[in-house]
1. What percent does the relative contact order of the stretch 201-298 come to when contacts are Cα pairs within less than 8 Å and at least six residues apart?
2. With springs only between Cα atoms under 10 Å apart, run a GNM on the chain and tell me which of Val200, Val353, Val234 wobbles the most.
3. Among all the aspartates and glutamates, which ones have a C-alpha under 14 Å from Lys356's C-alpha, if same-chain residues fewer than 8 places away are not counted?
4. Can you tell me how the stretch 101-167 classifies by the Cα gyration tensor, rounded, prolate or oblate, using a/c under 1.5 as the rounded cut?
5. Measuring with a 1.4 Å probe in the full set of protein chains, what accessible area per residue, in whole Å², belongs to the stretch 320-415?
6. Which value does Rg/Rh take for the chain over its C-alpha atoms, Rh per Kirkwood?
7. Enumerate the amide H contacts of Thr14 below 5 Å, restricted to partners 5 or more residues apart or on another chain; note that Pro and chain-start residues carry no placed amide H.
8. Any lysines with Cα under 29 Å of the Lys322 Cα? List them, leaving off those in the same chain fewer than 8 positions away.
Amino acid sequence: MKTSYIIDFDSTFTQVEALDELAKISLKNNPNKQRYLDEIESLTNLAMEGKLSFRDSLNRRLQLLHANKDHLELLIKRLKKKVSASFSRNKAFFKENADDVLIVSGGFKEFIYPVVRNYHITEENVFANTFLFDVNGNIIGFDAENPLSEEGGKVKLLKQLKLKGEIHGIGDGYSDFQLKESGMIEKFYAFTENIRRESVSAKADHIAPNFDEFLYINQLPRAISYPKNRILCVLVGSIPKHALSFFKKDGFNTVTAKDLDDADLKEAGMLLLEDGLNLSDDMIQSAARLKTIGYLGNSKGHIDRDFCRQHGIVLFDDKKNKWKNADFIPRRMANFINNGDTMMSRNFPNLNVPQKNDSHRLIHIHENVPGIMARINGILRDHDINIVAQFLMTKKGLGYVITDISRKYDKIVLKELKSVEHTIKFRVLY
């Protein structure tokens, strides 16, 4: 069955509200700039939360803008740099589904299409308002005949389009939820990567902290195999606030705990500990999902590095207390999860690998026994899978190999790689 994807633009496809950004440009030298900006932002939020009619909000915002065509050119340049990170890294999805992706927005086509066309979205699949200009190129209004300028405009538009098959909607605002409320779409995903509106999220079929999550739950091709928002990062003890901000900004599901007894180790994929805490072997043994540990001090005497290595857990620490107030340890942990890098770890071979486009990255951690690489590569050979690149290092009986393969493969391959004798851990990175 054909599936169509209805995607909002402002605060969804892009990180920002375009009219708010346009106001920052057009009002740059206006003495009342801040007052106008605050009012425009308030009008945007009231409409997105369903507390003000969309047309009323749009009219009042345009009156405050004092914008023209030259300002739009500057806006387009700015918006191209503000595409949401998870949309940006999944550009291949848009290329493969160009006919099925529709941008439906209460914004304006004059600045939306120049941004989304870089993502293989055709002009005929962009549905938005259009500006009215005077002879000098000043914005004086909008086309009032366009259904998207009205309250419930997205619902009216979809009724006109009469799309066949399943329809999924992705957005951050009340007008996006109205599509589900009216029965026009099967599922509504509240997109919260840039902003979370509780009044909208409470009514959604699913909350998508990023586009990776949407692709993951719908089993669609994606840039990373497992959304970072599903990886629990536990910070234990007195951890600097910048570390918490770093992990959250990078998209991890980040929580804090006062001590290890209070920490949810069974669910943790990442663990950052303050200096002085002791992590026992039993605790490590219970943390079946744990992939990496960060220690804000010298871990010697506090964590058994060999035990961690034997369980496929990469340990980063700060032996000389050099990085206590920097992002070094959190960044090393994130680089391992994101790219497979183990540089400057305390217990793994040091690998620093480039990211490869148009390939899948497989990470295999195993006991370093004779013939194991032949078995790993034999599975890939037997399934006619092309190896694009391969990086291998060993340390104290442990083998760590990163393999980049061509994108086409059967899922049975992953099962076979996990089942190779002497495997400690295996995962698809992206």
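The values are calculated or read from the model by the stated rules, or taken from the named source; none is laboratory data. What you see is a predicted model, and the numbers here were worked out from it, not measured in a lab. Cβ sites come from the backbone with ideal geometry, for glycine too, and all protein chains shown count toward neighbours. We work out accessible area using only protein heavy atoms, side chains counted, and drop any ligands, DNA or RNA first. Shrake-Rupley method; radii C 1.70, N 1.55, O 1.52, S 1.80 Å.
1. Result for the stretch 201-298 is 23 percent.
2. Val353
3. Candidates past the 8-residue exclusion: Asp341, Asp404.
4. Working: a/c = 3.18, a/b = 1.38, b/c = 2.29.
Verdict is oblate for the stretch 101-167.
5. Details: 5000 Å² over 96 residues.
On a per-residue basis, the stretch 320-415 sits at 52 Å².
6. Result: Rg/Rh = 1.04.
7. Amide H to amide H, under 5 Å and 5 or more residues apart or across chains, Thr14 pairs with Ser84.
8. Partners found: Lys228, Lys241, Lys248, Lys249, Lys258, Lys291, Lys300, Lys395, Lys396.
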